[in-house]
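Structure first, commentary second.
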Amino acid sequence: MHNSIRFTLAGAAAAVALTLTACAGGATEPAPAASGDADSLGTIKVGALQTPAGEILQHINESAAAEVGLTIEFVAFTDYNTPNTALADGSIDANLFQNSTFLENFNANTGEDLVSVGEAYLPSAAFYSDKVDSLDELEDGASIAIPNDPTNAGRALKLLAAEGLIEVADDVSDPSGITDNPKDFEFREIENATLPQALPDVDTAFVTISFALPAGLTSDTAILIEGDDSDYFNVLATRPELEDDPRITALYELLTSQATADFELDTWGGLVVPVVAG
(Lines give C-alpha, C1' and ligand atoms only; values in the text may rest on other atoms or scores of the structure.)
Protein backbone atom coordinates (compact mmCIF):
# COMPACT_ATOMS: atom_id res chain seq x y z
CA MET A 1 0.00 0.00 0.00
CA HIS A 2 1.38 3.43 -0.94
CA ASN A 3 1.19 6.33 1.45
CA SER A 4 -0.60 9.21 -0.24
CA ILE A 5 -2.10 12.62 0.31
CA ARG A 6 -5.27 13.90 -1.31
CA PHE A 7 -4.71 16.87 -3.58
CA THR A 8 -7.74 19.17 -3.58
CA LEU A 9 -8.74 22.22 -5.56
CA ALA A 10 -12.13 23.89 -5.89
CA GLY A 11 -13.30 24.58 -9.38
CA ALA A 12 -15.98 23.99 -11.97
CA ALA A 13 -15.91 20.85 -14.07
CA ALA A 14 -15.82 20.85 -17.84
CA ALA A 15 -18.76 19.26 -19.61
CA VAL A 16 -17.48 16.25 -21.45
CA ALA A 17 -19.81 14.33 -23.72
CA LEU A 18 -18.59 10.83 -24.32
CA THR A 19 -20.05 7.63 -25.66
CA LEU A 20 -19.54 4.60 -23.44
CA THR A 21 -18.32 1.53 -25.24
CA ALA A 22 -19.32 -2.05 -24.64
CA CYS A 23 -17.45 -4.30 -22.26
CA ALA A 24 -14.46 -6.00 -23.78
CA GLY A 25 -14.02 -9.60 -22.75
CA GLY A 26 -11.77 -12.58 -23.01
CA ALA A 27 -9.60 -13.93 -20.24
CA THR A 28 -5.86 -13.58 -20.68
CA GLU A 29 -2.88 -14.91 -18.81
CA PRO A 30 -1.08 -12.22 -16.76
CA ALA A 31 2.13 -10.95 -18.32
CA PRO A 32 5.29 -12.22 -16.66
CA ALA A 33 6.55 -10.12 -13.77
CA ALA A 34 9.48 -7.87 -14.52
CA SER A 35 12.92 -8.68 -13.19
CA GLY A 36 13.81 -5.05 -12.58
CA ASP A 37 14.33 -3.93 -16.17
CA ALA A 38 11.85 -1.11 -16.87
CA ASP A 39 11.67 -2.11 -20.52
CA SER A 40 10.29 -5.54 -19.59
CA LEU A 41 7.18 -4.47 -17.65
CA GLY A 42 4.93 -5.28 -20.60
CA THR A 43 1.15 -4.87 -20.86
CA ILE A 44 -1.47 -4.55 -18.15
CA LYS A 45 -5.20 -4.84 -18.86
CA VAL A 46 -7.22 -2.40 -16.76
CA GLY A 47 -11.01 -2.29 -16.69
CA ALA A 48 -12.90 0.94 -16.03
CA LEU A 49 -15.79 3.09 -17.15
CA GLN A 50 -14.89 5.59 -19.84
CA THR A 51 -15.37 8.71 -17.70
CA PRO A 52 -13.19 9.67 -15.93
CA ALA A 53 -11.05 6.55 -15.37
CA GLY A 54 -10.83 5.51 -19.01
CA GLU A 55 -9.64 8.94 -20.04
CA ILE A 56 -7.11 9.00 -17.22
CA LEU A 57 -5.72 5.60 -18.21
CA GLN A 58 -5.58 6.52 -21.88
CA HIS A 59 -3.80 9.79 -21.07
CA ILE A 60 -1.19 7.99 -18.97
CA ASN A 61 -0.67 5.36 -21.67
CA GLU A 62 -0.09 8.06 -24.28
CA SER A 63 2.19 10.18 -22.10
CA ALA A 64 4.20 8.64 -19.26
CA ALA A 65 3.67 4.86 -19.36
CA ALA A 66 6.26 4.19 -22.07
CA GLU A 67 8.94 5.86 -19.96
CA VAL A 68 8.64 3.05 -17.39
CA GLY A 69 8.20 0.30 -19.98
CA LEU A 70 4.47 -0.17 -19.37
CA THR A 71 1.64 -0.50 -21.88
CA ILE A 72 -1.87 0.06 -20.50
CA GLU A 73 -4.65 -1.76 -22.33
CA PHE A 74 -7.89 -0.05 -21.34
CA VAL A 75 -10.94 -2.34 -21.23
CA ALA A 76 -14.18 -0.35 -21.26
CA PHE A 77 -17.21 -1.22 -19.13
CA THR A 78 -20.59 0.49 -19.03
CA ASP A 79 -21.84 -0.49 -15.57
CA TYR A 80 -20.69 -1.13 -11.99
CA ASN A 81 -21.62 -4.80 -11.95
CA THR A 82 -19.14 -6.49 -14.28
CA PRO A 83 -15.63 -5.01 -13.73
CA ASN A 84 -15.05 -6.93 -10.49
CA THR A 85 -16.32 -10.16 -12.01
CA ALA A 86 -13.93 -9.68 -14.93
CA LEU A 87 -11.07 -9.03 -12.52
CA ALA A 88 -11.88 -12.09 -10.42
CA ASP A 89 -12.04 -14.42 -13.44
CA GLY A 90 -8.77 -13.16 -14.91
CA SER A 91 -10.17 -11.31 -17.91
CA ILE A 92 -8.37 -8.18 -16.72
CA ASP A 93 -5.41 -7.53 -14.39
CA ALA A 94 -6.81 -4.55 -12.47
CA ASN A 95 -9.77 -2.21 -12.42
CA LEU A 96 -10.35 1.42 -11.56
CA PHE A 97 -13.99 2.29 -10.93
CA GLN A 98 -14.92 1.72 -7.29
CA ASN A 99 -14.29 2.92 -3.76
CA SER A 100 -13.04 0.67 -0.98
CA THR A 101 -16.52 0.18 0.51
CA PHE A 102 -17.89 -1.05 -2.82
CA LEU A 103 -14.94 -3.44 -3.09
CA GLU A 104 -15.48 -4.76 0.44
CA ASN A 105 -19.17 -5.33 -0.28
CA PHE A 106 -18.35 -7.24 -3.47
CA ASN A 107 -15.92 -9.50 -1.64
CA ALA A 108 -18.40 -10.11 1.19
CA ASN A 109 -21.22 -10.96 -1.21
CA THR A 110 -19.22 -13.18 -3.58
CA GLY A 111 -16.51 -14.74 -1.44
CA GLU A 112 -13.81 -13.21 -3.64
CA ASP A 113 -10.67 -11.62 -2.20
CA LEU A 114 -9.89 -8.71 -4.52
CA VAL A 115 -7.57 -6.14 -2.96
CA SER A 116 -7.09 -2.38 -3.09
CA VAL A 117 -3.67 -1.09 -4.04
CA GLY A 118 -4.58 2.41 -2.88
CA GLU A 119 -6.72 5.48 -3.54
CA ALA A 120 -6.35 7.11 -6.96
CA TYR A 121 -8.87 9.97 -7.21
CA LEU A 122 -12.31 11.11 -6.08
CA PRO A 123 -15.00 11.04 -8.78
CA SER A 124 -17.31 13.53 -7.10
CA ALA A 125 -21.03 12.76 -7.19
CA ALA A 126 -23.86 15.27 -7.00
CA PHE A 127 -27.58 15.81 -6.80
CA TYR A 128 -29.15 17.18 -9.98
CA SER A 129 -32.66 18.41 -10.71
CA ASP A 130 -34.82 19.62 -13.58
CA LYS A 131 -37.36 21.05 -11.11
CA VAL A 132 -35.61 22.84 -8.24
CA ASP A 133 -32.51 24.98 -7.88
CA SER A 134 -31.54 23.79 -4.40
CA LEU A 135 -32.35 21.00 -1.98
CA ASP A 136 -34.04 23.58 0.27
CA GLU A 137 -36.76 23.90 -2.36
CA LEU A 138 -37.76 20.25 -2.11
CA GLU A 139 -41.33 20.05 -0.85
CA ASP A 140 -42.84 17.49 1.48
CA GLY A 141 -43.16 14.16 -0.30
CA ALA A 142 -40.61 15.06 -2.98
CA SER A 143 -39.23 12.12 -4.98
CA ILE A 144 -35.49 11.48 -4.75
CA ALA A 145 -33.71 8.97 -6.99
CA ILE A 146 -30.61 7.28 -5.59
CA PRO A 147 -28.37 4.45 -6.86
CA ASN A 148 -29.56 0.92 -6.20
CA ASP A 149 -26.21 -0.42 -4.99
CA PRO A 150 -25.59 -0.30 -1.22
CA THR A 151 -22.38 1.74 -1.41
CA ASN A 152 -23.63 4.61 -3.53
CA ALA A 153 -27.08 4.57 -1.95
CA GLY A 154 -25.45 5.07 1.43
CA ARG A 155 -23.25 7.76 -0.08
CA ALA A 156 -26.29 9.69 -1.32
CA LEU A 157 -28.24 9.31 1.91
CA LYS A 158 -25.29 10.41 4.05
CA LEU A 159 -24.94 13.52 1.91
CA LEU A 160 -28.60 14.38 2.49
CA ALA A 161 -28.14 13.74 6.20
CA ALA A 162 -25.14 16.08 6.28
CA GLU A 163 -27.45 18.78 4.90
CA GLY A 164 -29.93 18.14 7.72
CA LEU A 165 -32.72 16.88 5.46
CA ILE A 166 -32.87 13.37 6.94
CA GLU A 167 -31.19 11.35 9.67
CA VAL A 168 -29.54 8.01 8.97
CA ALA A 169 -27.85 5.13 10.76
CA ASP A 170 -24.05 5.06 10.65
CA ASP A 171 -24.09 2.00 8.40
CA VAL A 172 -26.89 3.19 6.12
CA SER A 173 -26.89 1.40 2.75
CA ASP A 174 -30.49 1.85 1.54
CA PRO A 175 -33.64 3.78 2.56
CA SER A 176 -34.31 1.32 5.39
CA GLY A 177 -31.38 2.96 7.18
CA ILE A 178 -33.16 6.31 7.36
CA THR A 179 -34.02 7.00 11.01
CA ASP A 180 -35.87 10.28 10.50
CA ASN A 181 -37.52 11.62 7.34
CA PRO A 182 -39.38 14.76 8.49
CA LYS A 183 -40.40 15.85 5.00
CA ASP A 184 -41.56 12.36 4.04
CA PHE A 185 -39.34 12.18 0.97
CA GLU A 186 -40.02 9.31 -1.42
CA PHE A 187 -36.81 7.47 -2.28
CA ARG A 188 -36.53 5.53 -5.53
CA GLU A 189 -33.61 3.14 -5.99
CA ILE A 190 -32.49 3.09 -9.62
CA GLU A 191 -29.62 1.50 -11.56
CA ASN A 192 -26.68 3.93 -11.65
CA ALA A 193 -26.40 4.07 -15.42
CA THR A 194 -30.03 5.18 -15.86
CA LEU A 195 -30.17 7.86 -13.16
CA PRO A 196 -29.61 10.76 -15.60
CA GLN A 197 -32.58 9.57 -17.65
CA ALA A 198 -34.72 9.49 -14.49
CA LEU A 199 -34.39 13.23 -13.86
CA PRO A 200 -37.63 14.23 -15.64
CA ASP A 201 -39.58 11.79 -13.47
CA VAL A 202 -38.24 12.76 -10.04
CA ASP A 203 -37.57 15.95 -8.12
CA THR A 204 -33.85 15.25 -7.78
CA ALA A 205 -31.39 12.44 -8.49
CA PHE A 206 -27.96 11.54 -7.17
CA VAL A 207 -25.62 10.82 -10.09
CA THR A 208 -21.97 9.77 -10.04
CA ILE A 209 -19.54 11.45 -12.42
CA SER A 210 -19.13 8.40 -14.67
CA PHE A 211 -22.73 8.76 -15.76
CA ALA A 212 -23.22 12.49 -15.14
CA LEU A 213 -20.65 13.90 -17.55
CA PRO A 214 -21.67 11.78 -20.57
CA ALA A 215 -25.25 12.97 -19.96
CA GLY A 216 -24.16 16.63 -19.97
CA LEU A 217 -24.51 17.04 -16.20
CA THR A 218 -21.72 19.18 -14.71
CA SER A 219 -20.94 21.11 -11.54
CA ASP A 220 -22.77 24.08 -13.05
CA THR A 221 -26.03 22.14 -13.20
CA ALA A 222 -25.70 20.40 -9.82
CA ILE A 223 -27.73 21.51 -6.82
CA LEU A 224 -25.39 19.83 -4.29
CA ILE A 225 -21.88 18.46 -4.93
CA GLU A 226 -20.04 16.03 -2.70
CA GLY A 227 -17.10 17.66 -0.92
CA ASP A 228 -13.46 16.70 -1.28
CA ASP A 229 -13.51 15.34 2.28
CA SER A 230 -15.51 12.39 0.95
CA ASP A 231 -14.79 8.81 1.99
CA TYR A 232 -15.50 7.59 -1.54
CA PHE A 233 -12.19 7.97 -3.36
CA ASN A 234 -11.80 5.37 -6.10
CA VAL A 235 -9.11 2.73 -5.69
CA LEU A 236 -6.96 0.70 -8.03
CA ALA A 237 -8.00 -2.91 -7.40
CA THR A 238 -6.40 -6.19 -8.40
CA ARG A 239 -6.16 -9.86 -7.40
CA PRO A 240 -3.98 -10.82 -4.41
CA GLU A 241 -1.38 -12.60 -6.55
CA LEU A 242 -0.84 -9.41 -8.58
CA GLU A 243 -0.73 -6.94 -5.69
CA ASP A 244 3.09 -6.75 -5.79
CA ASP A 245 3.40 -7.20 -9.56
CA PRO A 246 5.76 -4.50 -10.94
CA ARG A 247 3.12 -3.53 -13.51
CA ILE A 248 0.61 -2.79 -10.73
CA THR A 249 3.22 -0.83 -8.77
CA ALA A 250 4.17 1.22 -11.81
CA LEU A 251 0.55 1.91 -12.72
CA TYR A 252 -0.31 3.11 -9.23
CA GLU A 253 2.70 5.41 -9.19
CA LEU A 254 1.61 6.89 -12.52
CA LEU A 255 -1.98 7.29 -11.34
CA THR A 256 -0.85 9.25 -8.28
CA SER A 257 1.81 11.39 -9.98
CA GLN A 258 1.69 15.16 -10.11
CA ALA A 259 1.47 14.99 -13.91
CA THR A 260 -1.72 12.92 -13.69
CA ALA A 261 -3.14 15.28 -11.05
CA ASP A 262 -2.51 18.22 -13.38
CA PHE A 263 -4.33 16.42 -16.20
CA GLU A 264 -7.32 15.67 -13.96
CA LEU A 265 -7.56 19.26 -12.74
CA ASP A 266 -7.14 20.70 -16.23
CA THR A 267 -9.79 18.38 -17.65
CA TRP A 268 -12.46 18.35 -14.94
CA GLY A 269 -11.64 21.22 -12.60
CA GLY A 270 -12.48 20.27 -9.03
CA LEU A 271 -15.03 17.61 -9.95
CA VAL A 272 -12.26 15.00 -10.06
CA VAL A 273 -10.07 15.32 -6.96
CA PRO A 274 -6.59 13.83 -7.50
CA VAL A 275 -4.46 11.83 -5.08
CA VAL A 276 -0.75 12.66 -5.24
CA ALA A 277 1.62 10.13 -3.69
CA GLY A 278 3.87 11.50 -0.98
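Details
- Hey, residue 33 in contact with an Asp or Glu (Cβ under 7 Å, 6 or more places away or on another chain), at pLDDT below 95 and either crowded, with 23+ Cβ neighbours inside 10 Å or of a type in the set (A, V, I, L, M) (or both) or not: yes
- Selected residue (only one of 265, 254 is over 27 Å from residue 220 (Cβ atoms) and either out of contact with any strand residue (DSSP E or B) (no Cβ under 8 Å at 6 or more places or on another chain) or not in a strand (DSSP E or B) (or both)): 254
- Residue satisfying condition, being among the hydrophobic types (A, V, I, L, M, F, W, C), open to solvent by 30 Å² or more (accessible area, probe 1.4 Å), on the phi < 0 side of the Ramachandran plot and modelled with pLDDT of 95 or more, within set 86, 108, 94: 108
- With respect to the conditions (1) in a loop (DSSP other than H, G, I, E, B); (2) open to solvent by 20 Å² or more (accessible area, probe 1.4 Å); (3) at pLDDT 95 or above, residue 172 lacks only one, and its number is (2).
- Selected residue (only one of 118, 141, 154 is in contact (Cβ under 8 Å) with a residue 12 or more places away in the chain and more than 17 Å from residue 230 (Cβ to Cβ)): 141
- Of all residue pairs spaced 6 or more apart or on separate chains, those with beta-carbon atoms under 8 Å, a first member in segment 122-134 that is more than 9 Å from residue 221 (Cα to Cα) and a second member that is surrounded by fewer than 22 Cβ atoms within 10 Å (Cβ to Cβ) and acidic (Asp, Glu) are 122/228; 124/228; 131/203; 132/203.
- Index of the failed condition, residue 101 passing every other in (1) among the β-branched types (Val, Ile, Thr); (2) open to solvent by 10 Å² or more (accessible area, probe 1.4 Å); (3) more than 20 Å from residue 152 (Cβ to Cβ): (3)
- Inside segment 202-241, residues that are assigned to a strand (DSSP E or B) and open to solvent by 20 Å² or more (accessible area, probe 1.4 Å) make up a count of 4.
- Qualifying positions in segment 119-153 - assigned to a helix (DSSP H, G or I), modelled with pLDDT of 95 or more and out of contact with any strand residue (DSSP E or B) (no Cβ under 8 Å at 6 or more places or on another chain): 137
- Qualifying positions in segment 61-93 - without any contact (Cβ under 8 Å) to a residue 60 or more places away in the chain, among the polar types (S, T, N, Q), more than 11 Å from residue 47 (Cα to Cα) and part of a helix (DSSP H, G or I): 61
The values are calculated or read from the model by the stated rules, or taken from the named source; none is laboratory data. Keep in mind the model is a prediction, meaning the values are calculated, not measured. Here Cβ is always computed from backbone atoms with ideal geometry, including for glycine, and neighbour counts include all displayed protein chains. For accessibility, only protein heavy atoms count, side chains too; no ligands or nucleic acids. Shrake-Rupley method; radii C 1.70, N 1.55, O 1.52, S 1.80 Å.
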